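Engineer: Take a look at this one; I'll ask things after.
No value in this document is a laboratory result; all are computed from the given coordinates. These figures come from a predicted structure and were not determined experimentally. Quick reminder, even Gly has a Cβ in these numbers, built from the backbone with ideal geometry, and neighbours come from all protein chains shown.
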Ligand code: AMP
């Protein structure tokens, strides 16, 4: 059974075609600059070199039509015809409090996603464009939506209500939602599988550290707290996002910059590793500059490491202990020195790592020592595969 996974941004579209028998990625690609001059598609058929084509894509519907054409292309395609496609799965950033799990798309579901637009004004409209385009060009094929927020809907109110007048929660739904849920849920489950343990018996801290980063406390398989909040700038320092800020700093920025949009740009696009280091939003560049003696790059690195340590400590306190710590995403999977630095001086918490086992990138590995009370591991994330699995399950249940 073949599932198409779509992840639509405002001007981009990522796709994967997955054969669920054996869970193999048959083709994948990226369309960029949709609706902008110079739009292009990069397509890779598994086992072949990637091809890039400059094609004018005025909108998402045009882009999806082109993707479907290339998927049935004699040379670069992987399908004989589109009837082979079983269903399409869509990544939707915000499900608000309405969606606690992946669902088959119905007119009510589309309405529900539209209702949540005020909470994710940049992301949900783009995700919806992709969904509506797929419904148009693939009539009769089921669509399933998978939400970044859904996994965190198990958080108790003490973790998701902010300390401001309760009316903002009641009237405006201002609360912690959390994101990266598909990733946190997947790596927590996978960690339990690798360890041969029931996830219900484990207290896990999952560290999804990439360009955007968040950390989640997963107790008995359920998210009980997470570092992303109402939006995606809370928590630890990120590539260009600030992480936690004293509200007084926001007030200061508002006074300095004058508009909410400028403050938003400051904390989302000019902050984080980039803002502190002045070098780059990419940890590799920051590490290299720090190595060469750049003091601000060193400081940015230290703030990030310190931030991750603080979350591990606080989530262990919140859950009454921790059995497993999982690192994932670009930095978590590849940052050898970074992981070592985070785990340093944590023996008091029962964290002991084996430097040699930690010396690896992008693969599943347990890098704590056998006598470490806490198991520390790397589990590469695979959000597309989770979306494909949920899509197959929801579409099959409906048939
Ligand atoms: P992601 O958003 O998950 O794709 O992660 C992207 C980030 O991973 C990049 O911005 C880098 O900072 C980081 N990254 C990738 N490879 C490495 C590496 N070898 N060492 C440190 N950081 C890395």
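Engineer: Using a Gaussian network model on the chain with a 10 Å cutoff between Cα atoms, which of 358, 81, 124 fluctuates the most?
Structural biologist: Answer for the Gaussian network model of the chain: 81.
Engineer: Would you calculate, for the chain, the mean residue ellipticity at 222 nm contributed by helices, counting each DSSP H stretch of 4 or more residues as -39,500 (n - 2.57) and dividing by all residues, to the nearest 500? It would help to have the intermediate numbers written out before the result.
Structural biologist: Values: 15 runs with 156 residues, N = 399.
Helix contribution divided over all residues of the chain: -11500 deg cm²/dmol.
Engineer: When the Cα atoms of region 121-265 are enclosed in a convex hull and the volume is divided per residue, what value in Å³ results? Walk me through the numbers on the way to the answer.
Structural biologist: Working: hull volume 23.6 nm³, N = 145.
That works out to 163 Å³ per residue.
Engineer: Then there is this: Run through the DSSP bridge list for the chain and note the antiparallel percent, rounded to the nearest 5.
Structural biologist: Values: 40 of 59 bridges.
Of all bridge pairs located within the chain, approximately 70 percent are antiparallel.
Engineer: Calculate how steeply helix 181-195 sits against the longest principal axis of the alpha-carbon atoms of the chain, using the helix alpha-carbon long axis, and give the answer as 0 to 90 degrees to the nearest 10.
Structural biologist: It is inclined by approximately 70 degrees.
Engineer: If you take the square roots of the eigenvalues of the alpha-carbon gyration tensor of region 237-352 and sort them as a ≥ b ≥ c, do you get rounded (a/c under 1.5), prolate (a/b over b/c) or oblate?
Structural biologist: Working: a/c = 2.47, a/b = 1.43, b/c = 1.73.
The shape class here is oblate.
Engineer: For region 248-305, what D do you get in µm² per second when you plug the Kirkwood radius from alpha-carbon pairs into Stokes-Einstein at 10 °C and 1.306 mPa s? Write down the numbers at each step before the final one.
Structural biologist: Details: Rh = 12.0 Å.
Taking Rh from Cα pairs, D becomes 132 µm²/s.
Engineer: Still on this structure, I have one more. How high is the relative contact order of the chain, in percent, with contacts defined as C-alpha pairs under 8 Å that are six or more residues apart? Display every interim value, and only then the final one.
Structural biologist: Values: 840 pairs, mean separation 54.8, N = 399.
With pairs under 8 Å counted, the relative contact order is 14 percent.
Engineer: Running a GNM on the chain with Cα contacts under 10 Å, which residue among 37, 97, 383 ends up with the highest mean-square fluctuation?
Structural biologist: Result: 37 has the largest fluctuation of those listed.
Engineer: Still on this model: Once the chain is represented by equal point scatterers at the alpha-carbon sites, with solvent omitted, what log10 I(q)/I(0) does the Debye formula produce at q = 0.09, 0.10, 0.14, 0.15 Å⁻¹?
Structural biologist: Per q value, in the given order, log10 I(q)/I(0) is -0.57, -0.71, -1.37, -1.51.
Engineer: Now a separate question. Between region 69-145 and region 342-399, how far is it from one alpha carbon centroid to the other, in angstrom?
Structural biologist: Here the two parts' Cα centres lie 28 Å apart.
Engineer: Can you give me the angle between helix 123-137 and the longest principal axis of the chain, using Cα atoms only, in degrees from 0 to 90, rounded to the nearest 10?
Structural biologist: The answer is roughly 20 degrees.
Engineer: Another question, if that's okay. Given 10 °C and 1.306 mPa s, compute D for region 66-107 with the Stokes-Einstein relation, Rh being the Kirkwood radius over Cα pairs; round to the nearest whole µm²/s.
Structural biologist: On the way: Rh = 12.9 Å.
Calculated translational D: 123 µm²/s.
Engineer: Once the Cα gyration tensor of region 302-342 is found, what semi-axes does its equivalent ellipsoid get, as square roots of 5 times the eigenvalues, in whole Å, sorted largest first? Kindly include the intermediate steps, with their values, before the conclusion.
Structural biologist: On the way: eigenvalues 76, 30, 11 Å².
Rounded to whole Å, the semi-axes are 19, 12, 7.
Engineer: For region 1-146, take the convex hull of the Cα atoms, compute a quarter of its surface area, and give me that in nm², please.
Structural biologist: Numbers: hull surface 34.3 nm².
With every direction weighted equally, the projected area is 8.6 nm².
Engineer: Sort 181-189, 275-283, 226-234 by packing, meaning the average of other beta carbons within 10 Å per residue, with the highest value first. Could you put the intermediate results ahead of the total?
Structural biologist: Details: 181-189: 24.8, 275-283: 19.3, 226-234: 22.2.
Highest mean packing first, the order is 181-189, 226-234, 275-283.
Engineer: What list of whole percents do you get for P(r) of region 294-399, with Cα-Cα distances grouped in 10 Å bins up to the one holding the largest distance?
Structural biologist: Per 10 Å bin, starting at zero, the Cα-Cα P(r) for region 294-399 comes out as 14, 37, 28, 14, 6, 1 percent.
Engineer: Ranked highest first by the average count of other Cβ atoms within 10 Å around their residues, in what order do 44-57, 139-152, 364-377, 259-272 fall? Walk me through the numbers on the way to the answer.
Structural biologist: Values: 44-57: 13.1, 139-152: 22.6, 364-377: 18.0, 259-272: 15.7.
Taking the mean over residues of other Cβ atoms within 10 Å, the ranking is 139-152, 364-377, 259-272, 44-57.
Engineer: Where does helix 260-269 land angle-wise versus the long Cα axis of the chain, in degrees 0 to 90, nearest 10?
Structural biologist: That helix lies at roughly 80 degrees to the long axis.
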